[in-house]
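Notes follow once the structure below has been shown.
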Amino acid sequence: MTGARRINTSSRAAFGASYEAAFHAFLAAEDENGLHGAYQLGREAVSQQIGLLELAHAHHAALMSAVAGASETTDAQRVTRAAADFLLEALSAYEIVHRGFAEARATVASQRQQARMIRQLSTLLADASLALHTHSSVEEMLQLVAEQTRELTRAAWCVTHGHTASARQSAALAYARCEPPDALKIAAEAYSAFDSGTPTAAPVRLEMRAPGEAIAIPLTTLDGENVGLLAIGAHEQRPFTDLDHALLRHIGQMTAAALERAMRYGDTYR
């Protein structure tokens, strides 16, 4: 711990010295090259974990040194005005880089959370015991899929529908919301789109009277049998991304495999 503090102290002292040298170089010409030095110092402050207070302290020390060497009042005023420009440039770089780091950390945290949720969902859907349970258990599974899918894709709503090819009318239906349009109408429109269109790995866009975009994918077994669908609707101001499409396809594949086991090894849909 003492060694870490010594390194941090040394790093901060070196930063202060670099700041003062760059500031004096800027005072000599007051040009864009000098301001670029301030910009670089702002970036270095973030990478070296220099806080704003420490950055302000380094600036104050550099300013006091420059003012002390001023020969007259007008020279001191010029130094002070130049110092403001130099500090603003350093702070702008600090803010840009610091915000970028924060956004990157948030993105990584979000992706890790998504990965954990997908692993948990995969474990549940891979549980062979689901195939031996009752119709209500499959409905519970589809409800969980709907809730997890809506959260993972940040959708306004999600509808899941499971059936056998010969008995769509005896299907299990589940949805998660913000308030979706009529879930059965969503399912009917999606099946119509699947039946009339060319099979594709990409989600099918649904032409619905809804505020945001709506897309759906068929739940297809390995031998090509359609056993249901998974549909999501976007918030009005947030269209779905390629990542959302990929997540939808992945969850759809896992759900189709679980439904196939339920039909093959149990009597849930018979």
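The slack between SER192 and GLU207, meaning 0.36 nm per residue of separation minus the straight C-alpha distance, is 4.3 nm. The modelled label-to-label distance for the pair ALA61/SER10, using points 7 Å beyond Cα in the direction of Cβ, is 1.6 nm. Counting other Cβ atoms within 10 Å as a rough exposure proxy, the listed residues THR255, THR220 run THR220, THR255 from fewest neighbours to most. Put simply, when 183-193, 43-53 are sorted by average Cβ atoms within 10 angstrom per residue, most first, you get 183-193, 43-53.
Shown for VAL67, VAL227: other C-beta atoms within 10 Å of each C-beta, ranked fewest to most, produce the order VAL67, VAL227. Listed by Cβ neighbour count within 10 Å, with the fewest neighbours leading, THR80, THR153 appear as THR80, THR153.
From a point 7 Å beyond the Cα of GLU32 in the direction of its Cβ, which residues of the stretch 76-97 have a backbone N at a distance under 18 Å? Answer for this model: 85-86, 89-90, 93.
Every number here is computed from the coordinates shown, using simple stated rules; none is lab data. No experiment lies behind these values; they were computed from the predicted model shown. We place every Cβ from the backbone using ideal geometry, glycine too, and count neighbours over all the protein chains shown.
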